[in-house]
Amino acid sequence: MQKHINKKKKTDTRTGKTAAKKKNSRSKRRKSSRVRQRNQRILMSLMLLVIIVLIGWIIINRASENGWSIGDFLHNSDTMISDAEQSGTDNADSSGGPEQWQKEGAPYIDVELLTPNEYSRPQIPIESVQYIAIHYTANPGTTAQQNRDYFEGLKDSHETHASSHFVIGLDGELIQCIPCKEISYASNDRNNDTISIECCIPDDTGRFNDATYQTLVHLVAWLCGRYDLTMDDVIRHYDVTGKNCPKYYVEHEDAWKQFKVDVADYIEKNGVAPENLKNDKE
């Protein structure tokens, strides 16, 4: 009897030890599983942090390549669209595009917006378009593309602050450099409410050739209609600062008056502007 009891005790002891071992083994497995899960979470967090840092580096590097400071980047962050960005939609007035504008009465516009930078395209909004200012390039024989590229190069040369919304070339070609909802550096104290147009010239007289002139008349007529402006709102750079610009129209007042008559006639003939312009001739 005593032997049976001792044998049973030994059996119970072995069973208890086996159960304890199993319990310890399960506990170790659970602990190991928790450690693995924690390590996985840490690894995923580190990977996410690396991705965020990499994206930040790419953005800052791109901003630096485009000539922006961190301040510029933060200031423009709400308007940043890739300049693909603005090449198709954020141009003449942020709606439509060259083909749509032509249907509305515009000449064909080659949209080649400048890279945002503090020297030629600061991306400062125009509060309200009140004037259209006419300029001349003062560098005979140069093309619209060359003048546009000069404005673009200012982001690197830092030579001066200069630009224009539009440049019209010697063949009548028309390039847009700045969206009309942003200021250009062309009209001094009137930059904040004026769309500026630079015109190329063939020689030192400053007189526009026929191709340039026809595109200018067409463009100004369309802009007048688009922004509900009259002939009184079409001005020369000279009217803002007294500068001899555009040279020919400062030195030949009668030619300037005729230009405004031609714009008004174009509007009356083509119907691209409000009714109140039709009798507003000088």
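The values are calculated or read from the model by the stated rules, or taken from the named source; none is laboratory data. Only a predicted model underlies this, so the values are computations on that prediction, with no experimental measurement involved. Every residue, glycine as well, gets a Cβ built from its backbone with ideal geometry; the counts of neighbours run over all protein chains shown.
All conditions in (1) part of a loop (DSSP other than H, G, I, E, B); (2) surrounded by fewer than 11 Cβ atoms within 10 Å (Cβ to Cβ); (3) at pLDDT 75 or above hold for Ser82, with the sole exception of (3).
Condition first: in the same structural domain as Gln100 (by TED's automatic domain parsing), under 27 Å from the mean Cα position of the chain (by Cα), not hydroxyl-bearing (Ser, Thr, Tyr) and not in a helix (DSSP H, G or I). Can you find one or more residues in the stretch 208-228 that meet it? Yes, the stretch 208-228 contains at least one residue that is in the same structural domain as Gln100 (by TED's automatic domain parsing), under 27 Å from the mean Cα position of the chain (by Cα), not hydroxyl-bearing (Ser, Thr, Tyr) and not in a helix (DSSP H, G or I).
Only residues that are in contact with a Ser or Thr (Cβ under 8 Å, 6 or more places away or on another chain) and surrounded by fewer than 18 Cβ atoms within 10 Å (Cβ to Cβ) were counted in the stretch 135-151, giving 0.
Taking the stretch 85-126 as the region of interest, how many residues are modelled with pLDDT of 50 or more and closer than 28 Å to Tyr266 by Cα? Total meeting the criteria: 23.
Does Ile195 satisfy the criteria of being aliphatic (A, V, I, L, M), within 22 Å of Gln123 (Cβ to Cβ), in the same structural domain as Val129 (by TED's automatic domain parsing) and under 29 Å from the mean Cα position of the chain (by Cα)?
Values: aliphatic (A, V, I, L, M): yes; within 22 Å of Gln123 (Cβ to Cβ): yes; in the same structural domain as Val129 (by TED's automatic domain parsing): yes; under 29 Å from the mean Cα position of the chain (by Cα): yes.
The answer is yes for Ile195.
Selection of the stretch 224-282 for residues being modelled with pLDDT of 95 or more and basic (Lys, Arg) yields Arg236, Lys243, Lys247, Lys257, Lys260. Of the residues making up the stretch 229-238, those that are in contact (Cβ under 8 Å) with a residue 60 or more places away in the chain and assigned to a helix (DSSP H, G or I) number 2.
Considering only residues that are out of contact with any Phe, Trp or Tyr (no Cβ under 8 Å at 6 or more places or on another chain) and of a type in the set (D, E, K, R), which ones fall in the stretch 94-117? Lay out the reasoning, then the answer.
Restricting attention to the stretch 94-117, the residues satisfying the condition of being out of contact with any Phe, Trp or Tyr (no Cβ under 8 Å at 6 or more places or on another chain) are 94-97, 99-100, 103, 108, 110-113, 115.
Scanning the stretch 94-117 gives Glu99, Lys103, Asp110, Glu112.
Name the pairs: first residue in the stretch 144-169 and more than 26 Å from His218 (Cα to Cα), second residue modelled with pLDDT under 95 and surrounded by fewer than 24 Cβ atoms within 10 Å (Cβ to Cβ), Cβ to Cβ under 6 Å, at least 6 apart or on different chains? Listed pairs, sorted by first residue: Lys155/Gly67.
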